[in-house]
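Report on the structure given below.
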Amino acid sequence: MDKLKMHSPNFVDKNIAKIAELFPNCVTESHNDKGELQKAVDFDLLKQELSAQIVEGAQERYQLNWPGKREALLTANAPIAKTLRPCREESVNFNTTKNLFIEGDNLDALKLLQETYLGKVNMIYIDPPYNTGNDFIYEDNFAEDAEEYKLRSNEKDVDGNRLIANNESNGRFHSDWLSMIYSRLTLAKSVLSNDGVIFISIDDNEVFNLRKICDEIFGEAGFVGSFLWEKRITRENRKVVSNRHDYILCYTKYSSSENRALGLLPMNEEAISRYKNPDNDIRGIWTSVPAIAQAGHGTKNQFYTLITPSGRQIDPPSGSCWRYTQEKMNEAIKNNKIWFGSDGNGVPRIKKFLDEGQQGLTVETIWWAKEVGTNDSAKRELTKLFDNVAVFDTPKPYQLIKRMLKIATSKDSIVLDFFSGSAPTAQATIDINNEDGGSRKFIMVQLPEVCDDKSEAFKAGYKTIAEISKERIRRAGKKIKEENANKEGIENLDIGFRVLKIDTSNMAEVYYNPAAISQEDLFAQVDNLKPDRTEEDLLFQVMLDWGVDLTLPIRRETIADKTVFFVDQNALVACFNKQGTIDDAFAKELAKYHPLRVVFRDAGFKDDSAKINVEQVFKLLSPVTKVKTL
């Protein structure tokens, strides 16, 4: 019976496997530091496979490089021995919600989510530190190997801090920030769906470096657009230049002719007001578009003299051709689809009806404050939501993120924000679901960054940014439901979230590093699980390891005096009884449910023969069931 590995995937092994599929001759074997054989890549041979010329030595190439880049990639690929522990008391509608709030380091969170959400997230929005010299960035430790990184339980300094000030006196002003964002974006790409998009807020300090990093990770062809957001409407006279905008970079995972990446914005009142019906067309109101096109894109059938119904002859302007061929144009004129002006002698234009085809507005590169809000308007709204307490200095307006949701998601999309901050992405997701009846799901990730003890948030009782995030979702969800109490189906709006907190693995240290346990400690290590962990803690680590959706409904039952968890009916059945009473009779009861997966606590079996018999019972009575131990 196999054991669960109980740590995040080793991406190096996966990447080597991918290379082996394309270039099997480039995969070889080498000894690691322990003298064990492992797969490795012959990079010299791989370089030659990818070059039409003989490759000799290092070559100059077009790339962005900085001190620590290779270590950042190594850290991104290294597995970790951590888990997500459920926190019911801080959650809202824990049993029914499809939303997640993960509290902890976002690098760890992205690693832990790989198995479950690989290629499933439809939209990512992040608002990372801008690297102004006054803000803070994540302190990642690149000076250790993958094994040390996996075993390390916590990533904090002696004062319990996970963030460091990245000022210019640090000496690596850009490099630390680049390493921080590079490893996280590398992992983010893995969870993004093939047609998914990522939006990243940034300012002038790192926008050009970020663009190059994204070109490397997502490919230059994955670039969708660089949007300018009018973040303020007032002038800053105290600065040399009054900066009124931030950037929002947008990339897609895979660019192709079939992947439009972004949809259309809904028609607004201004756009609709352009539709009229001056000729009382029975098909309704319409607007007109030019009937000409650029000559360079036309065929010979689009160059002709057009004769209007009044008999006037019109040639296309110099450098242009007609948009339609002569045959199609004559058909359109016959069907009253061409407008020649009120007197019938004007330049022809094509009639476009309001209810004809796909309607909407192509998103533009400038996002005005009057349409999506500013930092100031967002702060006022958030302060009002928190009973006039200014809990956050520079929140993003949720209307800004709501625009992204409108052009980048469908009604059942999964949305991820791993720099949650005050959680405007969660509020935007709930709000747009209320608006269009969607069932989008959000995953928020936020470090429990300690609030300044002089801040209004701290004085109001909020000790960390994560606490502010969770409370904002609670209040915003309640407000939306109250304001739409009479709306049909409002009771189905998901305003809840499951709180999961990143912690050290549930497995005792002997599970990962048996060499560190002395002989006299062996009797104390009979159980390979930490004594302070609950059965639900174990369940969520199993769900992570097996790649089971973390929002699936969980049912707890008692069968033969043992607690049994059922995840989504029979997707996963788990029993963590540790009294040594699991036997083949109990296995026969569970096999009646024909679960897809079943897991037992290793110390729960009656004896070694019972462990063997249980596996045989499932092979006989429920052959579809995968059986593992913890």
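Structure above, values below:
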item: Cα long-axis angle, helix 11-22 against the chain (0 to 90 degrees, to the nearest 10); result: 60
item: Spread of Cα-to-Cα distances over 20 Å intervals beginning at zero, given as percent, for the chain; result: 15, 42, 30, 11, 2, 0
item: Tilt relative to the chain, helix 207-218 - C-alpha long axis, 0 to 90 degrees, to 10; result: 70
item: Label-reachable residues, region 340-377, where backbone N falls under 15 Å from a point 7 Å from Arg312's Cα toward its Cβ; result: 340-350
item: Acute angle (nearest 10 degrees) that the helix 375-385 long axis makes with the longest principal axis of the chain, alpha-carbon atoms; result: 60
item: Long-range HN-HN contacts of Ile292 with modeled amide H, under 5 Å; result: Arg323
item: Charge dipole magnitude, Cβ of K and R +1, D and E -1 - the chain, Cα centre, debye nearest 20; result: 2300
item: Overall form of region 517-629 per C-alpha gyration tensor (a/c, 1.5; a/b vs b/c); result: oblate
item: Label point distance in nm, Glu356-Val289, each placed 7 Å from Cα along Cα→Cβ; result: 1.0
item: Karplus-derived 3J(HN,Hα), 6.51/-1.76/1.60, for each residue of region 578-587, Hz, glycine and proline x; result: 10, 9, x, 10, 6, 9, 5, 5, 5, 4
item: 9 Å beta-carbon shell around Ile198, net charge (K/R +1, D/E -1); result: +2
item: In nm, spacing of pseudo-spin labels at Leu22 and Gln38 (7 Å Cα→C-beta vector); result: 2.2
item: Structure-based [θ]222 nm, the chain - -39500 (n - 2.57) summed over DSSP H runs of at least 4, per residue, nearest 500; result: -8500 deg cm²/dmol
item: Potential lengthening between Gln579 and Arg238 on full extension [0.36 nm per residue; Cα-Cα distance subtracted]; result: 115.8 nm
item: For a label point 7 Å along the Cα-to-beta-carbon line of Glu371, residues of region 416-444 with backbone N under 13 Å; result: none
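Values in this text are rule-based calculations from the coordinates and carry no lab data. What you see is a predicted model, and the numbers here were worked out from it, not measured in a lab. Because the Cβ atoms are built from the backbone with ideal geometry, glycine has one as well, and the counts that use them run over all protein chains shown.
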